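Okay, structure first, notes after.
Just so it is clear, none of the values below were taken in a lab; they were calculated from the coordinates. Here the structure is a predicted model, which is why all the values come from computation and not from measurement. Virtual Cβ from ideal backbone geometry, glycine too; neighbours counted across all protein chains shown.
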Amino acid sequence: MLLFGLIPLALLAVYVVVQARRRQRLRRFTEAEVPQSWWRHVPVAVALLSLFLLTVALATPTHDMRIPRNRACVVLIIDMSNSMRATDVEPNRLKAAEQAASQFASQLTPGINLGLVGFAGTPYLLVPPTPQHEATLEALKKLEFADGTATGEAIFTALHAVGAAAITGGDTPPPARIVLLSDGGENKPLDPNAPQGAFTAARAAKAEEVQISTISFGTPYGTVEYEGATIPVPVDDQTLQEITKITDGQAFHADSLESLESVYSTLQRQIGYQTVKGDASLAWMLLGAVLLAGAVLAGEFLNRRLPA
């Protein structure tokens, strides 16, 4: 293909030589300098440019293009622990999370397998990954508060769901991601490196090449009422950030419904599409053809109007 690229340069050299010999022939008949119009070279310059573009087209150039994913697997994990009752995000953290996750599910690219895990002290696979996103929309309406925060067990539950989807998904496992929303650290177990702990689960996800994106949701000023006492439940994102580091995922923070919707929108764009190489030769070829036609027309016009 390098040889094709040298063709325009070779033709340019030929053109320069021809013009030089032409001037020499003219000097044989007159000693005066014959005026030359630079306009006469425009068609040749445009023709050479068009030839260069056509040569680029022959090299089959590519460009990045985004296409919908139709086999990806996404599992949402949503914290239902009692700290999610805090009203620092109206109407409360859990209801706001339900609303934002519903918007995410309704706008997710068709064909993607979407699942849902709800957890507090115990995780529940509410919706196995399925391309029927309506199932997740319905399940999000039924999340209920409970005691405890078993983040690691929730991740393991999501991983098992991803594995089951991969078995039925074809010869090659589809790309998968877990999106974990919570407002605090893990307390069941207290040690995140325990066999069922959050960091242990994150390492298992890393081994299975499943990224975990986390969303710490809430403000430092959240409180809940318990037996007549006001208990502070500030958002704690340290555990979530470590999970993303282990799995090479992304950590987000949201302190309002609007910011949470923005986070989910960002994730939707990342998950719903993939960047692939597309053939860009047609555009180069069309541009080259247009310039070549322009060179021919310009040559006809100038040869009629300009002196030799």
Taking 0.36 nm per residue of separation between R203 and I167 and subtracting their Cα-Cα distance, the length gained on full extension comes to 10.9 nm
Computed D for region 106-264, Stokes-Einstein, Kirkwood radius over alpha-carbon pairs, 10 °C, 1.306 mPa s, to the nearest µm² per second, is 97
Calc'd 3J(HN,Hα), region 208-220, phi into Karplus 6.51 cos²θ - 1.76 cosθ + 1.60 (θ = phi - 60°), Hz, glycine/Pro = x, comes to 8, 6, 10, 6, 10, 9, 10, 10, 8, 10, x, 10, x
Quick calc: nm separation of the 7 Å Cα→Cβ label points for T266 and A146 -> 3.1
Exposure proxy check on R203, R177: fewest-to-most Cβ neighbours within 10 Å is R203, R177
The residues S256, S81, sorted from fewest to most surrounding Cβ atoms within 10 Å, come out as S256, S81
Out of Y264, T109, L94 - ranked by how far each Cα lies towards the positive end of the dipole of region 67-276, with unit charges on the beta-carbon of charged residues - the top one is T109
Going from the fewest other Cβ atoms within 10 Å to the most, one would list E258, E98 as E258, E98
